Structures are given as C-alpha cells and as structure tokens.
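First the structure, in the form of structure tokens, and then the observations on it.
The values are calculated or read from the model by the stated rules, or taken from the named source; none is laboratory data. Worth saying up front: this structure is predicted, and the values here are computed from it rather than measured. The protein model used for the area step is the full one, side chains on, heavy atoms only, and it has no ligands, DNA or RNA in it. Shrake-Rupley method; radii C 1.70, N 1.55, O 1.52, S 1.80 Å.
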Amino acid sequence: MTHAVPLTRQDVADLYGRGLLDLVYEAADVHRRHHDPSTIQCASLLSVKTGGCPEDCAYCPQSARYETGVEAGELMDVDAVTAAATRAKQGGADRFCMGAAWREATDGPEFDRVLEMVAAVKALGLETCVTLGMLDRVHAERLRRAGLDYYNHNLDTGREDYASIITTRTYDDRLETLRHVRDAGIKVCCGGILGMGESHDARIDLLHELARQTPQPESVPINTLVAVAGTPLAGQAAVEWDELIRVVAVARILMPTSKVRLSAGRAQLHDATQTLCFLAGANSIFLGGRLLTTPNAEPAEDFALLERLGLHGMPTDVTTSS
Ligand code: SAM
Ligand code: DTB
Ligand code: SF4
C-alpha cells in the first residue's frame, strides 16, 4: 500500500496505543477486505548452512561468538535440499525458505550452489525464499535470474535499539540490502522480533519503518524470541500474549495487503493466543517441526488447530502474489 499522506511515527504511536479489542476489531476488518480470512499461507524453513556466523546478533544461536551447542556445518548439497523441499510440499507448504548463517553473500562455488538450490526448488512448483545476510546489487540480480521470489532480511527492532542487539552491522546496512532486493525485482520479506527486552517505542519505530517502505514488504514475519541458552538474551522473559496480538493487529492495519507471518516462537504460544493473532490478521506460518536450529510447533498440532478454527493452507500450485 502507498500512503496518500506520509505515515508519521505519531500515526503509528496513536494506533499502537489504542484499546486492544478496538485494534483487533479494526485489524480483522482490514484483513477481511484484503485477504481470504480462511486461508493461512504455509511456508517451510530449512537451514542450508548452519552456525559459525561471524555476526554478533544477541538473539541468535548461530553466532560463532556464543556457546549454544549449535555446530558449524557446511553448505548442504543441492539434492538434499531438493529432497527436503519435496517433503515440505507434500506436507502442505507452498513456499520454501532456505537460510544460511552468513554475514553476506559473496562470489564463489557456495553462492553458485545456492543459485542451483533456488532453481531446483522453483522447478518443484514452490515459491522460493532465501535469507543469506547482506546482499549487493549483483548477487540480488543473480538470485532473481535463478528464480528467487522472496528475500528475507529483517530489521528486527527499531533504529535506536539496533546497536544494543547487533554491533557488527548497522540499520542502514540492512535498509541498503532491502533496496538491492527491491531493485532486482525480488519480493521483500522483512519483519522483526519481539521479546528482546525492547521498549514500546522500539516496536513503534520498527512498525513505522516497515510500513513506510514503498512498496511495503510483501511478507512481514513477526518473530517472538526463542531464548536459546548461551546467547546474551537467554534470560529474557516471554512476550505477554496481548503485546504480540497488539503488534500483529497494528502490522495488519498498516500493511493491509502484506502477508503477516506468525513466525518463530509459535511452539511457546498458547492456541488461544495464536487464534487471536489469526483474527487480528496474521495469515502465514512456518509449517514443520523445525525452524532453523530450534523446534517449531508440530505439523499435526498446527493442522488440528487450523481445522478447529475453520482455516486451511493455500492449495498447492497456486502462486501467491504477496
Ligand atoms: N544470517 C542471515 C541474516 O541475519 O539475515 C539469515 C538468517 S537469520 C537466522 C534470519 C532471522 O531469524 C533473523 O533476522 C532474526 O529475525 C530471526 N531469528 C534468529 N534467531 C532468532 C531467535 N532466537 N528467535 C527469534 N527469531 C530469530
Ligand atoms: C524469520 O523472520 N524467522 C525465521 C526466518 N525468517 C529465516 C528464522 C527463525 C529462526 C529462529 C531461531 C532458530 O531456529 O535458529
Ligand atoms: Fe548470523 Fe543471521 Fe544469526 Fe545474525 S541472525 S548471527 S547474521 S545467522
């Protein structure tokens, strides 16, 4: 959506400060005007290169700086990735997201192999997504030519708080990669994490930054922190259920046509919280028992919940536009 009048931070703060049920009511209405409310998009996630990352993201079990028990691995083979994507499709996923614990994409045989993975997954009739860290124009263009539909690159939190979470890159580095992705004609998947000890102001800043992108990100993952032992954020308390629903509702109202993904942290959420998130406009999840290195909700439980709520995944072979 493009705003006729530029969206101010105060607009976002006013929305964020409203009564929760009032917000959910409006978000549900916006959601119904722009989406089929009975459909939940199901993406599947695979870590194609795990651990040993030089970055210092305080939430991340894959940083080489923390003792988290995650072993650094090699980049997977294309055949193994294709097999995993095939299983994900059979299991009900329509998008396959491949993550690498890299600071940035660089030239060489490993990047070439990622291009092969993208082409192979695309050939299965799945939407393709990768998250490889920072990306320049040339690598973005090569990914698009290989058949990449989406690039995931999160802003994670507000600009002011960013340096307290990550020191090895800047907010502007993040925005620059997002520009390269956009300019190459790849769709943008960009969101953040709740539960890192952030203030309401940081959440408002993040929502403002996401919503004022033109065009807005087609996918907006809302992660809640999976607090992993050994990371600096291991001791963080879980996000309150109403705070998560509030952020989902504001994201839905501000970004009416985007897919809002209830992303990491669902394994720790009560069904009732997830239900209210779906009502407030969340319409995408990661399906599969594993995220990148941590457990996700079990598919059987997800299908049972969706059925109880009268929701269903997208029919496979239907390509989505957002
Ligand atoms: N290295 C790349 C990067 O940082 O962009 C791609 C992989 S990184 C694991 C992708 C995203 O996963 C991060 O931006 C962050 O939002 C999310 N993430 C990582 N660890 C998390 C955790 N413990 N809890 C919730 N989200 C997490
Ligand atoms: C996103 O926003 N969340 C996903 C995906 N994009 C790549 C990653 C979640 C990772 C959770 C921690 C782990 O499993 O390592
Ligand atoms: Fe590395 Fe990405 Fe984890 Fe940061 S979030 S430590 S860049 S894998």
- How do Glu110, Glu71 stack up against each other in accessible area, from largest to smallest, with a 1.4 angstrom probe? Glu71, Glu110
- Query: What is the set of long-range amide H partners of Leu194 at a cut-off below 5 Å, with H atoms built 1.01 Å from backbone N?
  - Reply: Asn223, Thr224, Leu225
- Message: Over the chain, with a Gaussian network built from C-alpha contacts below 10 Å, which listed residue (Gly281, Gly91, Gly265) shows the highest mean-square fluctuation?
- Response: Gly91
- Task: Would you check the accessible area of His200, probe 1.4 Å, heavy atoms only, in square angstrom rounded to 10?
- Result: 100
- Task: For Lys187, list the aspartates and glutamates whose Cα falls under 16 Å from its own Cα; do not include residues on the same chain fewer than 8 positions away.
- Result: Asp94, Glu127, Asp136, Glu141, Asp149, Glu176, Glu218
- Which whole-Hz couplings ³J(HN,Hα) result when phi for each residue of region 283-293 is put into the Karplus expression 6.51 cos²θ - 1.76 cosθ + 1.60, θ = phi - 60°, listed in order with x for Gly and Pro? 9, 7, 9, 8, 9, x, x, 9, 8, 8, 10
- For region 96-174, give the percent of accessible area contributed by carbon and sulfur heavy atoms, probe 1.4 Å, rounded to a whole number. 47
- Task: Per residue of region 234-245, in order, report the coupling 6.51 cos²θ - 1.76 cosθ + 1.60 (Karplus, θ = phi - 60°) as ³J(HN,Hα) in whole Hz, putting x for Gly and Pro.
- Result: 3, x, 5, 6, 5, 5, 5, 4, 6, 6, 5, 4
- Task: Working with all protein chains in place, sort Thr214, Thr50, Thr8 by solvent-accessible area computed with a 1.4 Å probe, largest first.
- Result: Thr214, Thr8, Thr50
- Message: Strictly greater than 34 Å: what percent of every Cα pair in the chain meets that?
- Response: 16
- Message: Please list 3J(HN,Hα) in residue order for region 59-65, calculated via the Karplus relation 6.51 cos²θ - 1.76 cosθ + 1.60 where θ = phi - 60°; whole Hz, with x for glycine and proline.
- Response: 8, 9, x, 9, 5, 5, 7
- With all protein chains present and a 1.4 Å probe, how do Glu218, Glu127 order by accessible area, largest first? Glu218, Glu127
- Task: Would you look at the GNM of the chain, springs on alpha carbons closer than 10 Å, and say which of Ala264, Ala300, Ala211 moves the most?
- Result: Ala300
- Message: Between region 18-70 and region 88-116, how far is it from one alpha carbon centroid to the other, in angstrom?
- Response: 18
